[in-house]
Amino acid sequence: MIGEKWTILILRGSMSGLRHFEEFQASLGIARNILSNRLVRLVQAGVLERRRDPVDRRRIIYELTAMGADLLPTLVALRQWSEKWLAGPSRMILADKRSGKPLQELVARDHAGRAVSPADLTWVDAEVPQKAPVRTSAAASAAQSLAADYS
């Protein structure tokens, strides 16, 4: 959903305050049809919300949903990785509005806050809470029992 160049640039623009189709197009230099396609996909996926501009009801606003805002660490990490390994430091830095200070480097951390590397990681089964079975009928109960026998 977000692994394509234009989609990532649209998300970056949205996090930087772009809200209208024309703003995205002017800032990114993207073709109208491609921008329209990507915005539709992001709205359908629940990453952006499309609504009328309260100031000018003829215009549409695209805003990040909570799902979209949760992509901030991912986009910051990609930018930091790119500056470190590909492009070098940018003349524009990403900073906290309150302090004006640049963001710290994002690092994967364990449950105690210790920085971890790929060598420190392993896959384990998650402890997922089980829902209590809902019994709506004798047939449903029989189906749940049968399913439990095969799992």
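The values are calculated or read from the model by the stated rules, or taken from the named source; none is laboratory data. Not measured: the values here are computed from a predicted model. All Cβ positions, glycine included, derive from the backbone under ideal geometry; neighbour counts span all protein chains shown. Please note that ligands, DNA and RNA were not included when accessible areas were found on the heavy atoms of the full protein model with its side chains. Shrake-Rupley method; radii C 1.70, N 1.55, O 1.52, S 1.80 Å.
How many residues, within the range 35-54, are assigned to a loop (DSSP other than H, G, I, E, B), more than 12 Å from the chain's Cα centre (by Cα) and surrounded by 12 or more Cβ atoms within 10 Å (Cβ to Cβ)?
Result for the range 35-54: 1.
Does any residue in the range 46-75 that is of a type in the set (F, W, Y) come within less than 7 Å, Cβ to Cβ, of a residue that is modelled with pLDDT of 95 or more and exposed (fewer than 15 other Cβ atoms within 10 Å of the Cβ) six or more places away or on a different chain, and which pairs are these?
Close Cβ pairs (under 7 Å, with a partner that is modelled with pLDDT of 95 or more and exposed (fewer than 15 other Cβ atoms within 10 Å of the Cβ)) amount to Y62/R50.
Would you tally the residues in the range 1-16 being of a type in the set (A, V, I, L, M), in contact (Cβ under 8 Å) with a residue 40 or more places away in the chain and open to solvent by 30 Å² or more (accessible area, probe 1.4 Å)?
Of the residues in that region, 4 qualify.
Can you say whether L86 is surrounded by 15 or more Cβ atoms within 10 Å (Cβ to Cβ) and either in contact with a Ser or Thr (Cβ under 8 Å, 6 or more places away or on another chain) or assigned to a helix (DSSP H, G or I) (or both), as far as the supplied structure shows?
no
When you check R19 against the structure, is it open to solvent by 40 Å² or more (accessible area, probe 1.4 Å), in a strand (DSSP E or B), touching a Phe, Trp or Tyr at 6+ places or on another chain (Cβ under 8 Å) and modelled with pLDDT of 95 or more, yes or no?
Criteria not met by R19.
Which one of the conditions (1) assigned to a helix (DSSP H, G or I); (2) of a type outside the set (G, A, S); (3) open to solvent by 30 Å² or more (accessible area, probe 1.4 Å) does R57 fail to meet, given that it meets all the rest?
It fails just one condition, (1).
Filter the range 60-83 for residues that are in a helix (DSSP H, G or I), open to solvent by less than 40 Å² (accessible area, probe 1.4 Å) and either basic (K, R) or within 19 Å of F24 (Cβ to Cβ) (or both) and give the result.
Result: G68, L75.
Out of the residues in the range 133-144 that are open to solvent by 80 Å² or more (accessible area, probe 1.4 Å) and not in a helix (DSSP H, G or I), which is modelled with the highest pLDDT?
Taking the candidates together, the pick is P133.
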